[in-house]
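Novice: Have a look at this one before I ask anything.
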Amino acid sequence: MVKWISKDDCTGCEACLNICPVNAIRMVPDSMGFYCPTIGNECTDCGECENVCKKRLSIVGTKNTAKKAYIAINKNEKVRFTSTSGGIFFELGKAILNDGGCVVGAGYLDGCKVAHFLIDSVEELQKLMQSKYVQSRVGYVYRDISDLLNEDKKVLFCGTPCQVVALKTMLHSKALEKLYTLDFICMGVNSPLAYSKWLEELENHHGSKVNKVWFKYKDEGWNKSPFTTKIEFENGEGLVLRGEDNLYMRAFLEKRCIIRKTCSRCRFKGDKRLSDITVGDFWGVKEEYDDDKGTSAVIINSSKGSTLVGKISDKVLFYSCELKDIKKGNLHYDESVCIADCSEDFLMDLNNSCFSEVFKEYN
């Protein structure tokens, strides 16, 4: 582990990886599967990694009491169904792409691993849609974004609040002019080890590799979707895990035993956000706006965010609301998650047992 921050304080944002001029930083999974930075022999002690990390932890956005909050619903029913909530990300991304820009977000790679990558066409937007309930690897995508911004390209970056802060911390002020950032109401990020062990057990049981993971599958409605996950296998078989059978989402939402420890004391929540727009599910929205197909909460944090939202007003139904109404159903907008005491033991045991066996032991 690096010397300037403890493992328990590291969020795995990968700002240090991207800022290092000699590529001496490597992200290595710990015994619980969370990626942490280590320093190789190439290090020249320039201090850039430590500086960007400390700056990231000290930067806090200005609390804007004039934030605008909205209930939001995409008019396109197909887009809304294939989205996690109300289908807002798709339209924001499309607006940037149609203006010659690029979009960066979390998507699936081979083996259903999750990482941030860049797209430059509307046809590729589907790759970045929907929630992925595992911590995403950033890799060197911050560098790619910096290069695009220096070429005067617009970029929309979607990530966790801590990833947005990490990206903005390592960019020069002029580069920020073309950058649009979107974060979401984040409960916490899950262990890649837990995710991979869960998929591994499903693959062993079905005798085929998992080809697609669709979290928050809405075939029985948006309100049931948090505990509904659709799995597609390479052999053509399909599986929908619901309720009690969805052990991975139960471990996350019910047991809270697969979440990164740092998330229990998140520094990047609340009103002082650096993102231009914050989105999330509008849980507890008034019945007249809930047809059980997905409704988004949209919070505009900057004038830049307001401009971008204005560009999609013909695609999305927006209804003004109070920020406090969004917070009522989204406690983790302000509050850090309370992680189970057994979390570390649960994750450590996954190194030697399958997911269902460990879940049963701690259930």
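The values are calculated or read from the model by the stated rules, or taken from the named source; none is laboratory data. Keep in mind that what you see is a predicted model, and the values were worked out from it rather than measured. As a convention, Cβ positions derive from the backbone with ideal geometry for all residues, glycine included, and neighbour counts pool all protein chains shown. When the accessible area is computed, the model is the full protein with side chains, heavy atoms only, and any ligands, DNA or RNA have been set aside. Shrake-Rupley method; radii C 1.70, N 1.55, O 1.52, S 1.80 Å.
Novice: When you scan segment 326-363, how many residues do you find that are assigned to a helix (DSSP H, G or I), among the hydrophobic types (A, V, I, L, M, F, W, C) and surrounded by 14 or more Cβ atoms within 10 Å (Cβ to Cβ)?
Specialist: 7
For every residue, the table says whether it meets (1) in contact with a His (Cβ under 8 Å, 6 or more places away or on another chain); (2) of a type in the set (Gly, Ala, Ser); (3) within 18 Å of Tyr133 (Cβ to Cβ).
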{"residue": "Leu171", "(1), (2), (3)": "no, no, no"}
{"residue": "Phe184", "(1), (2), (3)": "no, no, yes"}
{"residue": "Val189", "(1), (2), (3)": "no, no, yes"}
{"residue": "Leu202", "(1), (2), (3)": "no, no, yes"}
{"residue": "Glu220", "(1), (2), (3)": "no, no, no"}
{"residue": "Thr228", "(1), (2), (3)": "no, no, yes"}
{"residue": "Glu234", "(1), (2), (3)": "no, no, no"}
{"residue": "Gly280", "(1), (2), (3)": "no, yes, yes"}
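Novice: Only residues in segment 121-141 that are on the phi > 0 side of the Ramachandran plot count as the first member; pair them with residues that are in a loop (DSSP other than H, G, I, E, B) and surrounded by fewer than 20 Cβ atoms within 10 Å (Cβ to Cβ), Cβ under 8 angstrom, at least 6 apart or cross-chain, and list the lot.
Specialist: Listed pairs, sorted by first residue: Gln130/Thr82.
Novice: Anything in segment 39-60 that is under 21 Å from Gln163 (Cα atoms), open to solvent by less than 40 Å² (accessible area, probe 1.4 Å) and touching a strand residue (DSSP E or B) at 6+ places or on another chain (Cβ under 9 Å)? List them, or say none.
Specialist: Once the filter is applied, which keeps residues that are under 21 Å from Gln163 (Cα atoms), open to solvent by less than 40 Å² (accessible area, probe 1.4 Å) and touching a strand residue (DSSP E or B) at 6+ places or on another chain (Cβ under 9 Å), segment 39-60 yields Cys49, Cys53.
Novice: A further question on this structure: Counting just the residues of segment 267-303 that are polar (S, T, N, Q) and not in a strand (DSSP E or B), which one comes out modelled with the highest pLDDT?
Specialist: Checked segment 267-303; the qualifying residue modelled with the highest pLDDT is Thr295.
Novice: Report, ordered by the first and then the second residue, all pairs with beta carbons closer than 6 Å, sequence separation of six or more or different chains, a first member in segment 174-195 that is hydroxyl-bearing (Ser, Thr, Tyr), and a second member that is in a helix (DSSP H, G or I).
Specialist: What qualifies is Tyr180/Leu308; Thr181/Val164; Ser191/Leu347.
Novice: Pairs, please: C-beta under 9 Å, at least 6 apart or cross-chain, first residue farther than 18 Å from Asn74 by Cα and without any contact (Cβ under 8 Å) to a residue 12 or more places away in the chain and in segment 314-329, second surrounded by fewer than 15 Cβ atoms within 10 Å (Cβ to Cβ) and not aliphatic (A, V, I, L, M)?
Specialist: Note: pairs meeting the criteria are Lys327/Asp334.
Novice: A further question follows. Which pairs do you get when a residue that is at positive phi, found in segment 243-261, comes within reach of a residue that is assigned to a helix (DSSP H, G or I), reach meaning Cβ atoms under 7 angstrom, with the pair 6+ apart or on two chains?
Specialist: Gly243/Phe227
Novice: Exactly one of (1) within 30 Å of Ser196 (Cα to Cα); (2) touching a helix residue (DSSP H, G or I) at 6+ places or on another chain (Cβ under 8 Å); (3) assigned to a loop (DSSP other than H, G, I, E, B) is unmet by Ile312. Its number?
Specialist: (1)
Novice: Among the residues that make up segment 128-140, is at least one of them among the charged types (D, E, K, R) and not in a loop (DSSP other than H, G, I, E, B)?
Specialist: From segment 128-140, those among the charged types (D, E, K, R) are 132, 137; that's our starting set.
Add one more test, that the residue is not in a loop (DSSP other than H, G, I, E, B), and what stays is 137.
Yes, segment 128-140 contains a residue that is among the charged types (D, E, K, R) and not in a loop (DSSP other than H, G, I, E, B).
Novice: Might you let me know whether segment 12-21 holds any residue that is buried (at least 20 other Cβ atoms within 10 Å of the Cβ), at pLDDT 95 or above, more than 29 Å from Thr229 (Cα to Cα) and among the small types (Gly, Ala, Ser)?
Specialist: Scanning segment 12-21, I find at least one residue that is buried (at least 20 other Cβ atoms within 10 Å of the Cβ), at pLDDT 95 or above, more than 29 Å from Thr229 (Cα to Cα) and among the small types (Gly, Ala, Ser), so the answer is yes.
Novice: Can you name the residue in segment 226-267 that is basic (Lys, Arg) and closer than 30 Å to Ser6 by Cβ and, of all such residues, is most open to solvent (accessible area, probe 1.4 Å)?
Specialist: Taking the candidates together, the pick is Arg267.
Novice: Let me ask something additional. I'd like to check which helices (runs of 4 or more DSSP H) are fully inside segment 1-116 and have at least 3 residues that are of a type outside the set (D, E, K, R) and touching a Leu at 6+ places or on another chain (Cβ under 7 Å). Don't jump to the end; show me each part of the working.
Specialist: On the way: elements: 15-19, 48-58, 77-81, 88-98.
Those helices (runs of 4 or more DSSP H) span 88-98.
Novice: Could you pull out the residue among Leu317, Leu323 that is surrounded by 13 or more Cβ atoms within 10 Å (Cβ to Cβ) and within 22 Å of Gln130 (Cα to Cα)?
Specialist: The conditions single out Leu317.
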